[in-house]
Amino acid sequence: MPRNNTLKGGRANSELGVEEWLRSKAAREPAPGLSSLQWSPGPLGRPISMGSQLDGVGGSRDDHVRLVPKPRTKLYRRRWFMLFLFSAVSASNGFMWLQYGIISNIFMRFYNIDSLAIDWLSMIYLLTYIPLIVPVLWLLEHRGIRDVVLVGSAFNCIGAWIKIGSASPHLFAVTFFGQFVCSVATVFVLGIPSYLASVWFGEKEVSTACSIGVLGNQLGIAIGFLVPPILVPNVDDMDELAHHISIMFYITAGVATLLFILVVFVFQERPELPPTQAQATARSIPPEQYSYTASVLRLLRNRPFIFLIITYGLNVGCFYAVGTLLNRMIIDHYPGEEVNAGRIGLTIVIAGMVGSLICGIWLDKTKTYKQTTLGVYFMSLVGMIIYAATLSLGHLWVVFITAGTLGFFMTGYLPLGFEFAVELTYPESEGTSSGLLNCSAQVFGIIFTICQGKIIDAFGTLAGNIFLCVFLLIGTILTGFIKSDLRRQRANLLARAAEEEGQMSGRDYGSTILISQQQAPPSQA
């Protein structure tokens, strides 16, 4: 059906059908009050009319009138498969982050290296992210989510296969290079959850979808805590130990390869129709009006978002430090408990996964972003204090409980930060805001891991954990100063208000229009 109709002399073209005539009538007489309802997306461009959805060109009846239909939205069932496939890729990458650190004493003996070298097998993930996030975000904006996830899964697969050739005591350099390649993959997947959720999911499920996307990485970390101590027991024979390590590397490479193949043949860029009015508005911005550099500069001038970057980095940086040094902290108080150290790490992450999912569902129902973020941040501080105070009591069951409480809130905070950032920065790209948050987390993660490791070596685990508590307190205070400017929610509310006003005035643009008795459509030939 043609979308551009020529109106001459106030009369519809005789070839128009009933629907075209009705829409052309609506174009000449927009509903009163709607055309004045406007919302500005910020510095990206002109104010967007949320009302008429009709754009007249010219001022007289003899001019052409261009009909712009109300954007259609639709939710596709395959959105869940895209989400779970991405989550699986992220889980595979998260597993390889901690497969060394949770059995650090075994790998230190196998490769004959010190604790700092083992810590760098985890911290390389954090360090690689910092210089590569800017070009990856540029790639996300110019090539799309499919290419980014595809490249990330490819790096993940290549790195896993490189590690297979490093199961020998004199090949630490090879295993480090393989871990470096896997760390490059992290840059391509870590900031995707909020972007994928906005592109594929509806307004009432976007926070839950983001939480599930974050859960994928957390699931991989949980498996990374649990499986390596089981697959690689602490045996004395070096040949047997090399065999166990090789089995672990082969399993991870096989899984990474399968996921890469699935991404190549199954993963899609985005649905044909947008899931929300806010996403439709974001799609309507012409590419020539978008500048990646200008977008980043706008984000860096957004004061609430800057506060969030700092607070998110402090919280997640503490989590990275705890995850990396967990084996050292547990073994220090409970010698020979490598397997239980992995189980404690698993408890932290599983509890965090539950917390992430609950927080996502809660946000979808209440939209209380600031209050929920502040509450979870404060409870992360409380959990860290309790964990630090009970670690040395000599009862592992107490550590399991306190570590689980810490994980529930600290890991549960991850999707909250992503979703709060999207709200504060709409209509800027979700990938850009998430990338900047993660970059902050990597910086603080490296600093906290190195500093806490040195403090533990010099003063013990209690002093190291108190060090993290101080920064969590600072983050809690700063979170209270973040202004709750929910731009995405405002855009969706205005879109719904415009639609409701259009229906109340007797016109539903893009569908049908009520006609008075004085006006009748032309008869069809």
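Here are the numbers:
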{"read-out": "Answer from Val296, Val354, Val316 - the residue that is open to solvent by less than 10 Å² (accessible area, probe 1.4 Å), among the hydrophobic types (A, V, I, L, M, F, W, C) and out of contact with any Asp or Glu (no Cβ under 7 Å at 6 or more places or on another chain)", "value": "Val316"}
{"read-out": "Of all residues making up the range 264-280, the number that are part of a helix (DSSP H, G or I) and open to solvent by less than 40 Å² (accessible area, probe 1.4 Å)", "value": "3"}
{"read-out": "Cross-chain or 6+ apart pairs with Cβ under 6 Å, the range 119-135 first and more than 20 Å from Ser429 (Cβ to Cβ), then among the aromatic types (Phe, Trp, Tyr) and open to solvent by less than 60 Å² (accessible area, probe 1.4 Å)", "value": "Leu121/Tyr100; Tyr125/Trp97"}
{"read-out": "Matching entry among Ala167, Ala160, Ala197 (being surrounded by 20 or more Cβ atoms within 10 Å (Cβ to Cβ) and not in a helix (DSSP H, G or I))", "value": "Ala167"}
{"read-out": "Test for Leu190: is it open to solvent by 10 Å² or more (accessible area, probe 1.4 Å) and within 14 Å of the chain's Cα centre (by Cα)", "value": "yes"}
{"read-out": "Single residue of the range 473-490 satisfying the filter (open to solvent by less than 30 Å² (accessible area, probe 1.4 Å) and in contact with a Ser or Thr (Cβ under 6 Å, 6 or more places away or on another chain)) that is modelled with the lowest pLDDT", "value": "Thr479"}
{"read-out": "Unmet requirement for Ser211, which otherwise passes all of (1) under 18 Å from Phe319 (Cβ atoms); (2) at pLDDT 85 or above", "value": "(2)"}
{"read-out": "Candidate set: the range 402-417, residues that are surrounded by fewer than 24 Cβ atoms within 10 Å (Cβ to Cβ) and hydroxyl-bearing (Ser, Thr, Tyr); chosen: the one farthest from the chain's Cα centre (by Cα)", "value": "Thr402"}
{"read-out": "Condition met for Ser440 (open to solvent by less than 10 Å² (accessible area, probe 1.4 Å), part of a helix (DSSP H, G or I) and not charged (D, E, K, R))", "value": "no"}
{"read-out": "Check on Val199, touching a residue at least 60 places away in the same chain (Cβ under 8 Å) and touching a Ser or Thr at 6+ places or on another chain (Cβ under 6 Å)", "value": "no"}
{"read-out": "Single match in Ile261, Ile306, Ile331, Ile344 (criterion: of a type in the set (Val, Ile, Thr), surrounded by fewer than 23 Cβ atoms within 10 Å (Cβ to Cβ) and touching a Leu at 6+ places or on another chain (Cβ under 8 Å))", "value": "Ile306"}
{"read-out": "Residue ID - farthest from Gly336 (Cα to Cα), chosen from residues in the range 101-133 that are open to solvent by 50 Å² or more (accessible area, probe 1.4 Å) and in contact with a Phe, Trp or Tyr (Cβ under 9 Å, 6 or more places away or on another chain)", "value": "Leu132"}
{"read-out": "Number of positions in the range 395-447 that are free of Cβ contacts under 8 Å to residues at least 24 places away in the same chain and either of a type outside the set (A, V, I, L, M) or closer than 18 Å to Glu203 by Cβ (or both)", "value": "3"}
{"read-out": "Residue satisfying all of: in the range 368-394; assigned to a loop (DSSP other than H, G, I, E, B) and free of Cβ contacts under 8 Å to residues at least 60 places away in the same chain; most open to solvent (accessible area, probe 1.4 Å) among these", "value": "Leu393"}
{"read-out": "Residues located in the range 243-271, provided they are more than 18 Å from Val232 (Cβ to Cβ) and free of Cβ contacts under 8 Å to residues at least 12 places away in the same chain", "value": "Leu258, Ile261, Phe265"}
{"read-out": "Pairs where the first residue, in the range 75-100, is more than 16 Å from Ile145 (Cα to Cα) and the second is surrounded by 22 or more Cβ atoms within 10 Å (Cβ to Cβ) and hydroxyl-bearing (Ser, Thr, Tyr), C-beta under 7 Å, 6+ apart", "value": "Asn93/Thr186; Phe95/Thr252; Met96/Thr252; Trp97/Ser122; Trp97/Tyr125; Leu98/Ser122; Tyr100/Ser122"}
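The values are calculated or read from the model by the stated rules, or taken from the named source; none is laboratory data. Everything numeric in this text was worked out from a predicted model, so none of it was measured. All Cβ positions, glycine included, derive from the backbone under ideal geometry; neighbour counts span all protein chains shown. Only protein heavy atoms, including side chains, enter the accessible area calculation; ligands, DNA and RNA are left aside. Shrake-Rupley method; radii C 1.70, N 1.55, O 1.52, S 1.80 Å.
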